[in-house]
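The values are calculated or read from the model by the stated rules, or taken from the named source; none is laboratory data. Just so it is clear, the model here is predicted, and its values are computed rather than measured. Neighbour counts run over all protein chains shown; Cβ positions are idealised from the backbone, glycine included. Heavy atoms of the whole protein, side chains included, go into the accessibility calculation; ligands, DNA and RNA do not. Shrake-Rupley method; radii C 1.70, N 1.55, O 1.52, S 1.80 Å.
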Amino acid sequence: MTDFQTKAIRNIALIGHGGEGKTTLAEAILFNAKSIDRPGRVEDGNTVMDFDPEEISRKMSISLSAAYAVYRDVKINILDIPGFFDFEGEKASAMHVAGSAVIVTAASGQMTVGTETALDLCYEKKMPAIIFVSNINKENSDFHNTVKTIKERFTHVEIMELPIMKDGKMIGYIDIPTQKAYGNDGAERDLPIDMKEEAAALYNEFIETIAESSDELIEKFFAGEPFSEDEIKNGTKESIRSGRMVPVFAGCSVKNIGVLGLMDKIVDVFPSPDERKITTAKTEDGDIVVKCDVNEPFSAQVFKTAVDPFVGKLLYFKVLSGKISASKTIYNANSNTYEKVGTLYVPKGKKQESVESLNAGDIGAVAKFVATNIGDTLCDTQRKLTFMPIEFPSPMISLAVTSAKQGEEEKVIMGLTRFLEEDSTIKINKNSETGDVELFGIGEKQLEIICRKLKNKFGVEAKLSNPKIPYRETIKKTVKVQGKHKKQSGGHGQYGDCWIRFEPYPDGDFAFAEEVVGGSVPKQYHPAVEKGLRECLLNGVLAGYPVVNIKAVLYDGSYHDVDSSEMAFKIAAHNAFKDGCAQANPVILEPILKVEVTIPDSYMGDIISDMNKRRGRIQGTDIVKGKQVITAEVPQHELFKYATDLRSITQGRGRFTASFERYDEAPSAIAQKIIEEAKKSAEA
């Protein structure tokens with residue numbers, strides 16, 4: 001394969017709502033560039049990008065895929081991003097290394113949530129973008145209303161190619177900058193008379209937008225002077241690269257209509273890696289700027305890992321400076337280890353093609369690295385540095401995971417641990433209190449798919465369920481009780497007698513004190529009494545949950561010179577605890593979480609109403625980056641699968657984080673259910 005120089009590389013992300021045609025567009029690009037002999041179909045399960053068994057069976061992308069196409073001597077690295085919201089970690093990885101984005105949206109007559117979030121993300125990252133309105137030939141498609149709804153929210157969106165439609169099919173397009181019409185085959189044709197007025201109006205809007213790209217053009221614009229062809233080309237390129245304009249193109253990926261024109265724009269207006277934003281890195285001497293230049297020392301960052309059945313663990317990386325060659329030893333700045341490059345690959349879906357070297361700005365893959373993971377920096381030993389880590393979204397849901405078959409628990413954990421290497425948005429944690437192994441992720445579907453992949457790849461089946469909640473118990477009033485243990489058998493007997501006062505203790509989990517007067521309980525038995533009480537704290541009298549916020553005061557008792565022992569007093573303390581807590585108005589405490597929900601303003605009323613139904617207490621609201629952030633305190637029990645419900649309420653626009661705040665007394669009706677469930681569990 002040709003060794004591509006940095007100027008001849010374009011790294012593009014295909015981004016947008018799920019099911020809008022991103023993978024189909026990738027197939028058309030690969031076919032046009034002769035990277036594949038025939039385009040695959042998602043419905044047939046034979047596309048380059050969707051090759052995982054779960055992707056094929058579900059007919060949707062669930063992981064980031066990469067491939068390349070060579071067009072007009074330019075290498076286009078394509079990153080196909082899943083559109084479903086549960087797989088946002090894949091989007092974070094791709095957008096970290098992409099230089100530009102093609103936002104794919106269907107001509108549905110409205111702006112999808114995926115299109116909105118994609119445009120927001122491109123704006124936030126200052127990433128050049130193009131909108132490709134696909135499925136233009138589909139029945140009831142509506143190009144104009146699709147663009148109109150997008151422009152209502154994003155005013156810098158401009159139509160650059162206006163589709164010419166006949167009987168619901170696209171037969172050509174009008175190039176707005178040149179005001180010329182072309183057929184789908186690229187041949188120039190007459191501009192339809194009934195579209196001249198619309199095309200002229202769009203031209204005026206387009207010229208006004210690109211005029212802002214330079215002082216010279218804006219002066220000519222206000223002077224009413226026409227722009228030259230070169231000025232329009234340069235102004236268009238500058239406007240797109242600066243983010244002042246997001247051009248709109250139309251086509252039909254399935255029929256390969258409009259795709260070649262899109263590829264021309266990718267080559268002509270999208271920046272090469274050395275023309276993108278400045279990359280900084282940390283060194284021992286401070287922060288430095290890393291130039292995307294083949295003459296600089298080598299550096300790269302890993303943005304994806306995958307387990308390949310033939311080559312093992314495969315690491316996808318982007319070369320950020322210098323050059324990497326096969327058989328070279330490189331340094332991992334994060335793990336402080338050296339890794340030997342064996343074969344160097346360029347990915348093409350599930351296949352890999354070996355290459356001798358890759359230059360700055362290119363994307364490649366290596367296998368058999370031992371101590372390298374997602375986000376790690378690889379570099380030359382002559383310049384050790386570390387790049388900023390990839391910012392992955394925080395998990396929003398947790399479910400308890402168990403093996404479907406008894407005795408396979410360890411296999412399930414080992415399999416899930418392997419998936420941690422592939423997906424940085426999932427976490428596994430063993431809850432030491434409840435005993436649950438909890439699987440954390442972005443959404444319910446993501447966790448379900450992971451369990452399916454676990455069965456497909458490792459042959460073990462896992463079950464998901466709601467995790468147990470770590471409730472607590474406490475007392476609300478002060479009581480005095482006697483705990484006595486007396487047992488007589490042959491030889492020495494057992495005798496321990498203690499009077500203990502139990503009282504609420506808001507200053508901590510547990511406190512023990514003694515107020516014994518006159519030696520009614522000798523001091524050598526005081527530690528035994530305390531030890532017996534601490535053992536009882538683990539299991540409350542209501543539902544067997546740990547007891548907190550309680551103080552025990554040993555103030556009286558009696559003993560026997562021969563029969564008393566530490567064990568006897570410990571058992572006496574057990575008896576006192578059970579009787580005392582039962583009499584001291586015991587209650588269940590439930591964990592309260594601090595929840596921060598980030599949503600567009602239009603959903604604020606619905607979210608607050610939903611929070612009230614969940615027994616939540618609104619603590620306040622704030623505006624961050626143009627979105628409402630609602631802070632509330634909500635019982636953990638009410639937040640099961642909240643990620644799914646929030647997505648439903650906000651159509652995927654909402655996000656939330658939750659953290660432990662404190663324990664509060666559970667309402668009596670809730671407490672009664674908790675007690676009944678605990679009894680059923682104990683009897684099972």
Item to complete: Those residues that are surrounded by fewer than 16 Cβ atoms within 10 Å (Cβ to Cβ) and either under 20 Å from the mean Cα position of the chain (by Cα) or without any contact (Cβ under 8 Å) to a residue 24 or more places away in the chain (or both), I need them from the stretch 59-87; list them, please.
Response: Lys59
Fill in: Segments classed as strands (runs of 3 or more DSSP E), wholly inside the stretch 586-684, with at least 3 members that are acidic (Asp, Glu)
655-665
Discussion item. Checking Thr650 against (1) in contact with a Pro (Cβ under 9 Å, 6 or more places away or on another chain); (2) polar (S, T, N, Q); (3) within 30 Å of Leu542 (Cα to Cα), only one condition comes out false. Which one?
Written reply: (3)
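A quick yes/no check of all residues on (1) among the polar types (S, T, N, Q); (2) at pLDDT 90 or above; (3) open to solvent by 70 Å² or more (accessible area, probe 1.4 Å); (4) over 30 Å from Ser63 (Cα atoms):
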position	(1), (2), (3), (4)
Ile428	no, yes, no, no
Val437	no, yes, no, no
Ile442	no, yes, no, no
Leu447	no, yes, no, no
Ile469	no, yes, no, yes
Lys476	no, yes, yes, yes
Gly493	no, no, no, yes
Gly496	no, yes, no, yes
Response to the item:
Residue set Asp664, Asp645; condition surrounded by fewer than 20 Cβ atoms within 10 Å (Cβ to Cβ) and free of Cβ contacts under 8 Å to residues at least 40 places away in the same chain; output residue Asp645
Practice prompt. State yes or no: is Glu535 charged (D, E, K, R), buried (at least 19 other Cβ atoms within 10 Å of the Cβ) and touching a His at 6+ places or on another chain (Cβ under 8 Å)?
Written response: no
Response to the item:
Going through (1) of a type outside the set (Phe, Trp, Tyr); (2) at pLDDT 90 or above; (3) farther than 26 Å from Pro82 by Cα one by one, Gln488 fails only at (2)
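Being open to solvent by 60 Å² or more (accessible area, probe 1.4 Å), within 30 Å of Val481 (Cα to Cα), outside any strand (DSSP E or B) and touching a residue at least 40 places away in the same chain (Cβ under 8 Å): is that true of Asp579 here?
Spelling it out, Asp579 is indeed open to solvent by 60 Å² or more (accessible area, probe 1.4 Å), within 30 Å of Val481 (Cα to Cα), outside any strand (DSSP E or B) and touching a residue at least 40 places away in the same chain (Cβ under 8 Å).
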Discussion item. Testing Asn429 on (1) in contact with an Asp or Glu (Cβ under 9 Å, 6 or more places away or on another chain); (2) in contact (Cβ under 8 Å) with a residue 60 or more places away in the chain; (3) closer than 28 Å to Ile588 by Cβ; (4) not in a loop (DSSP other than H, G, I, E, B), one condition comes back false. Which one is that?
Written reply: (2)
Discussion item. Being touching a helix residue (DSSP H, G or I) at 6+ places or on another chain (Cβ under 6 Å), more than 30 Å from Glu535 (Cβ to Cβ) and among the hydroxyl-bearing types (Ser, Thr, Tyr) is true for just one of Tyr642, Tyr603. Which residue is that?
Written reply: Tyr603
Discussion item. Condition first: part of a strand (DSSP E or B) and open to solvent by 40 Å² or more (accessible area, probe 1.4 Å). Can you find one or more residues in the stretch 399-407 that meet it?
Written reply: yes
Worksheet item: How many of the residues making up the stretch 13-25 are outside any helix (DSSP H, G or I), on the phi < 0 side of the Ramachandran plot and crowded, with 24+ Cβ neighbours inside 10 Å?
Response: 5
Worksheet item: Is at least one residue of the stretch 510-522 open to solvent by 80 Å² or more (accessible area, probe 1.4 Å), modelled with pLDDT under 95, in contact with a strand residue (DSSP E or B) (Cβ under 6 Å, 6 or more places away or on another chain) and not in a strand (DSSP E or B)?
Response: yes
Discussion item. Restricting to the stretch 27-45, name every residue that is open to solvent by 70 Å² or more (accessible area, probe 1.4 Å) and part of a loop (DSSP other than H, G, I, E, B).
Written reply: Lys34, Asp37, Arg38, Arg41, Glu43, Asp44
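Quick check on this structure: which one of Lys318, Lys348 is modelled with pLDDT under 95 and either out of contact with any Leu (no Cβ under 6 Å at 6 or more places or on another chain) or open to solvent by 60 Å² or more (accessible area, probe 1.4 Å) (or both)?
None of the others qualify; the one that does is Lys348.
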Item to complete: Kindly indicate the residue of the stretch 222-263 that is open to solvent by less than 70 Å² (accessible area, probe 1.4 Å) and among the β-branched types (Val, Ile, Thr) and also nearest to Leu30 (Cα to Cα) among those meeting that condition.
Response: Val259
